Amino acid sequence: MISINKEVRTIHLEIYFKPLKKPGVLPIHYNYLVQAAIYNSIDSKLANFLHEKGYVDGSRTFKLFSFSLLQGAYQMDRVRKTIAFEREIQLTVSSPLPKFCQSLVSILLTKGGLRLGALELEIDKVKVRQFRVKENQVNIRTLSPAVLYSTLLRPDGRKYTVFFQPGEPDYTRLFNENLRKKYRALFEKEEPTGAIEVRPLGLQRMRIINYKDTVIKGYWGKLFLNGPKELLQLAIDGGIGSKNSQGFGCVEVEER
């Protein structure tokens, strides 16, 4: 069993799978399948709490976990809208909740596998990585697209969504608002003073994902963050931006 220090709030789980039948075929838009598999692989009471309630700040609720895109050699069929993995598949799951991480590791290793829709996967190994923020600045790399958006009203009263990309003022504003709310929801106290500076490093790629018939636009790439260490730590552990538990905004520290 992998031991996780309950005092450490810096947990990324790298889970390696092998398809029982090759190739392992999934729909291109597989986020919902991964999310459902994670909920089915943690303690049922914890899963129910996160799914039905979560951590609350005002009118906002947070599940406080995120996960990456699936990594591995694949072939994509855009006509059939499928993605086929030939060999090992890697999934990264991050959370500032030690109970969540311990439960996920324990149940996955006990079951020895995971089901994504009709695809059966065998667990090969699980690695635990712990990132500690020691300075007021850090470079990060997104492992799944980060989503920051506003819902606005048209003159006729209909709603529409505007998605923002790194480098835009609204991106930084929403980045900070989201992170402050997560901090208050998790720690039940006011967040540290000071804002996070968000600076894109190089090209930021847009990715469009269909999640349960909802089109979501996110951006992935490398970012420079500068600000209070406590907020930086939570960004790395819990994910950046919105919709983290749907597979958006999972990040890791990029060595400078």
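Taking the alpha-carbon centroid of each part, what is the distance from the stretch 47-89 to the stretch 190-242 in angstrom?
If you average the Cα positions of each part, the centres end up 16 Å apart.
Picking from 64, 152, 116, which is most flexible by a Gaussian network model of the chain using Cα springs under 10 Å?
Among 64, 152, 116, the largest mean-square fluctuation in the Gaussian network model of the chain belongs to 152.
At most 11 other Cβ atoms within 10 Å and a DSSP loop assignment: could you name the trypsin sites (Lys or Arg not before Pro) in the stretch 152-205 that fit?
When the trypsin sites (Lys or Arg not before Pro) of the stretch 152-205 are filtered for loop state and at most 11 Cβ neighbours within 10 Å, 158, 189 remain.
Grab the Cα-Cα distance for residue 82 and residue 120, subtract it from 0.36 nm times how many residues apart they are, and report the gain in nm with one decimal. Write down the numbers at each step before the final one.
Values: separation 38, 0.36 × 38 = 13.68 nm, distance 1.58 nm.
Net length gain for the segment: 12.1 nm.
By counting other Cβ atoms within 10 Å of each Cβ, how are 12, 29 ranked from fewest to most?
The most exposed by this proxy come first: 29, 12.
So if I restrict to the alpha-carbon atoms in the stretch 11-129, what is the Rg, and what is Dmax, the biggest pairwise distance, in Å?
Computed over the Cα atoms of the stretch 11-129, radius of gyration and Dmax are 14.8, 47 Å.
At a Cα cut-off below 19 Å, give the aspartates and glutamates reachable from residue 134, other chains included and same-chain residues fewer than 8 away excluded.
7, 191, 197, 230, 237, 252, 254, 255
List, in the order given, every pair from 18/217; 45/217; 53/189 whose Cα-Cα distance in the structure shown is over 21 Å.
18/217; 45/217
Hey, which aspartates and glutamates would be in cross-link range of residue 111, C-alpha to C-alpha under 15 Å, not counting anything within fewer than 8 residues on its own chain?
43, 120, 122, 124
Which value at 222 nm does the chain reach when only helices count, each DSSP H run of 4 or more adding -39,500 (n - 2.57), with the total divided by all residues and rounded to the nearest 500 deg cm²/dmol?
Helix-only estimate at 222 nm: -7500 deg cm²/dmol.
To make sure I understand, if each residue's beta carbon is the centre and we count other beta carbons within 10 Å, what order do 105, 128 fall in, fewest to most? Numbers along the way, then the final one.
Details: 105 22, 128 16.
Ranking 105, 128 by Cβ neighbours within 10 Å, fewest first, gives 128, 105.
Where a number appears in this text, it was derived from the coordinates with a stated rule and is not lab data. Since we're looking at a predicted model, the values are computed, not measured. Here the Cβ is made from the backbone with ideal geometry for all residues, glycine too, and neighbour counts use every protein chain on show.
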